[in-house]
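The values are calculated or read from the model by the stated rules, or taken from the named source; none is laboratory data. All values reported here derive from a predicted model rather than from experimental measurement. Positions of Cβ are generated from backbone atoms using ideal geometry, with glycine treated the same way; all protein chains shown enter the neighbour counts.
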Amino acid sequence: MIEYRNVGMKFGTRVILENLSLTIKDHELFVLVGPSGSGKTTLIRMINRLTIPTSGQIYIDGQSVNEVDLPTLRLSMGYVLQTSSLFPNLTVGENITIQLEQKKVSLLERRQRATELLGAVGLTASDFIDRYPAELSGGQQQRVAIARALATKPQLILMDESFSALDPVLRSQMQALLLKLHDQYQMTILFVTHDMKEAMRLGDRIGVINEGHLLQVGTPTEIINYPTTPFVTNFFASAKPNLGTLPDLITTLKLKPQALKIVPQVQTVADVTKLPIKEGKLSFNFEDQSYQLEVSELLHYLGKQEQHDG
């Protein structure tokens with residue numbers, strides 16, 4: 001568990017973070033989101049003491065990070081930056097296991113671990129382990145960077161804008177990979193981004209930060225549906241799915257009014273998505289007419305809306 005207790009950061013008279021408190025749970029994929037310059041990166045860099053707060057404390061499992069030997073602290077967690085930051089003179093295998101070498105792990109064990117992790121990030125060891133970073137695409141380099149972060153089997157991984165330099169297709173692929181690895185290894189991940197849709201896709205919970213203040217913490221659903229400030233509302237407006245109107249849905253799916261018994265009254269497509277499912281069907285009343293549709297029909301409609309938004 002990570003705890004920020006009344007953390008503040010100033011550069012001269014400039015306030016970067018002010019009296020910020022936050023708890024991140026074990027095994028959670030927690031996303032910090034906010035505009036550039038909001039304090040996100042400063043907050044994440046405090047965990048491995050790349051930045052020292054001017055007030056407050058950060059704790060990992062109840063122990064202040066200031067009480068941990070610095071090399072031990074940094075070896076205990078993975079760190080993935082916006083760029084892969086691979087060493088150009090080392091092979092892929094050597095890059096992945098560089099921390100294991102510092103821990104005096106044998107060459108054979110390091111090679112075995114690199115092989116295992118390359119498979120985990122979707123790269124074939126026989127094809128990639130002896131290549132150099134210059135021989136890899138940007139997406140492949142970032143996969144290797146993630147493998148390196150996993151090498152010591154850390155319980156905590158810090159990711160600072162790790163996918164922002166990738167094109168949209170690669171970015172989506174890396175997001176899917178991260179979700180898969182998080183499910184597989186169950187480590188705690190603190191992920192920083194300024195992309196609202198990325199935050200919505202990845203986060204178990206999301207922390208919204210702006211001008212050094214933590215404005216809201218909640219699940220993606222809570223952030224979208226129950227924003228606590230106008231800033232949160234506006235910041236996530238583009239991430240809110242456009243579901244269309246109920247007349248759109250009825251017309252698109254060619255739904256016909258039916259003689260149904262008492263069914264829930266709805267006003268929006270979002271209301272329809274929350275209805276109870278009975279025998280694979282949803283029933284609702286809209287403007288004094290009752291309708292019924294298959295769940296598969298609704299999913300097809302929502303999929304079309306998502307493609308249109310994209």
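Annotations
- Segment 49-80: number of residues that are within 21 Å of Ser137 (Cβ to Cβ) and surrounded by fewer than 15 Cβ atoms within 10 Å (Cβ to Cβ): 0
- Members of segment 108-146 found to be of a type in the set (Asp, Glu) and outside any loop (DSSP other than H, G, I, E, B), listed by number: Glu109, Glu116, Asp127, Glu135
- Failed criterion for Leu243 (all others in (1) in contact with a helix residue (DSSP H, G or I) (Cβ under 7 Å, 6 or more places away or on another chain); (2) among the hydrophobic types (A, V, I, L, M, F, W, C); (3) at pLDDT 90 or above; (4) assigned to a loop (DSSP other than H, G, I, E, B) hold): (3)
- Candidate set: segment 254-268, residues that are out of contact with any strand residue (DSSP E or B) (no Cβ under 6 Å at 6 or more places or on another chain) and modelled with pLDDT of 85 or more; chosen: the one nearest to Ile224 (Cα to Cα): Thr268
- Any hit, segment 82-93, residues being under 27 Å from the mean Cα position of the chain (by Cα), surrounded by fewer than 19 Cβ atoms within 10 Å (Cβ to Cβ), part of a loop (DSSP other than H, G, I, E, B) and β-branched (Val, Ile, Thr): yes
- Residue in segment 159-170 that is at positive phi and touching a helix residue (DSSP H, G or I) at 6+ places or on another chain (Cβ under 8 Å) present: yes
- Some residue of segment 250-268 being in contact (Cβ under 8 Å) with a residue 12 or more places away in the chain, surrounded by 15 or more Cβ atoms within 10 Å (Cβ to Cβ) and under 32 Å from the mean Cα position of the chain (by Cα): no
- One residue stands out among those in segment 119-132 that are aliphatic (A, V, I, L, M) and over 16 Å from Thr152 (Cβ atoms): the one that is surrounded by the fewest Cβ atoms within 10 Å (Cβ to Cβ), which is Ala125.
- Criterion: surrounded by 20 or more Cβ atoms within 10 Å (Cβ to Cβ) and either on the phi > 0 side of the Ramachandran plot or of a type in the set (Ser, Thr, Tyr) (or both) - qualifying residue of Thr115, Thr97, Thr152: Thr97
- Failed item, numbered, when Ser172 is tested on (1) within 30 Å of Ile224 (Cβ to Cβ); (2) touching a residue at least 40 places away in the same chain (Cβ under 8 Å); (3) surrounded by fewer than 22 Cβ atoms within 10 Å (Cβ to Cβ): (2)
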